[in-house]
């Protein structure tokens, strides 16, 4: 599962680089840039699938490339990983849910606003009372929109919205004849926060909040999952 995810990221990385070089050759522009944002989050997962609410830590990164005369084109890879353990008052066993959300995004800017298309891969592994319960790989396509507005020379506000409709789900557990396969429903991410420059030209600090909602269907039961996170991180960037 993770090898497939890594392969998809490498393919998207090649696509991003090729896109950046192609725009440079066709437009004759001089502006380009690259950045790497890394962050951690205090995450709360409210799970109907596992009938519990728990907190944990999540990690994520975003690797992106800018291009255009006014940096109006961007291609990026965004990854978020989280493992949450759920405890129960009336049982000794615990349940866990591991999620890996990988978004490959191409978008264009109009001033401070942007709009783009998202190609997403989602890996979800769940154990109910320490027994294998869910192991799925889902792919889908959606949209991405937002704003990155500088309100001072060193500080900016951001709002990012991503919506993805799952198109194909591969179930790794419920594969015997007659069993209903797992399906993932639509996903919606809403993130907002602020960033501040620590070292002008190459390093920023950001703080934010994200709410993620998605649904999972197993047999005839559909559960709604809500994951909120307070995010902290650094953004390394370079332009030329």
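The values are calculated or read from the model by the stated rules, or taken from the named source; none is laboratory data. In this text, all values refer to a predicted model and were calculated from it rather than measured experimentally. Here the Cβ positions follow ideal geometry from the backbone for every residue, glycine too, while neighbour counts run over all protein chains shown.
The residue list 148, 144, 104 contains one member that is closer than 24 Å to residue 40 by Cα, touching a residue at least 24 places away in the same chain (Cβ under 8 Å), touching a helix residue (DSSP H, G or I) at 6+ places or on another chain (Cβ under 8 Å) and part of a strand (DSSP E or B), which is 104.
Scanning segment 194-214 for residues that are in contact with a strand residue (DSSP E or B) (Cβ under 9 Å, 6 or more places away or on another chain), loosely packed, with under 13 Cβ neighbours inside 10 Å and either in contact (Cβ under 8 Å) with a residue 40 or more places away in the chain or under 14 Å from residue 36 (Cβ atoms) (or both) yields 196, 203. Filter segment 215-230 for residues that are more than 18 Å from the chain's Cα centre (by Cα) and surrounded by 15 or more Cβ atoms within 10 Å (Cβ to Cβ); which is nearest to residue 82 (Cα to Cα)? Once the filter is applied, the top-ranked residue is 223.
Results for (1) closer than 21 Å to residue 195 by Cα; (2) buried (at least 21 other Cβ atoms within 10 Å of the Cβ), shown as yes or no for each residue.
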site: 37; (1), (2): yes, no
site: 45; (1), (2): no, yes
site: 66; (1), (2): yes, no
site: 84; (1), (2): no, yes
site: 88; (1), (2): no, no
site: 98; (1), (2): no, no
site: 102; (1), (2): no, no
site: 111; (1), (2): yes, no
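For segment 113-139, residues that are over 15 Å from the mean Cα position of the chain (by Cα), surrounded by fewer than 17 Cβ atoms within 10 Å (Cβ to Cβ) and in a strand (DSSP E or B) total 4. In the set (1) surrounded by 17 or more Cβ atoms within 10 Å (Cβ to Cβ); (2) within 24 Å of residue 84 (Cα to Cα); (3) without any contact (Cβ under 8 Å) to a residue 60 or more places away in the chain, residue 233 fails one condition alone, (3).
For the structure I just gave you, tell me whether residue 78 is in a strand (DSSP E or B) and either surrounded by fewer than 19 Cβ atoms within 10 Å (Cβ to Cβ) or out of contact with any helix residue (DSSP H, G or I) (no Cβ under 9 Å at 6 or more places or on another chain) (or both). Here the answer is yes, as residue 78 does meet what is asked. Just checking, does segment 39-53 include any residue being touching a helix residue (DSSP H, G or I) at 6+ places or on another chain (Cβ under 8 Å), under 23 Å from residue 123 (Cα atoms) and modelled with pLDDT of 90 or more? The answer is no; no qualifying residue exists. Annotation note: of 10, 15, the sole residue that is at pLDDT below 50, surrounded by fewer than 13 Cβ atoms within 10 Å (Cβ to Cβ) and outside any strand (DSSP E or B) is 10.
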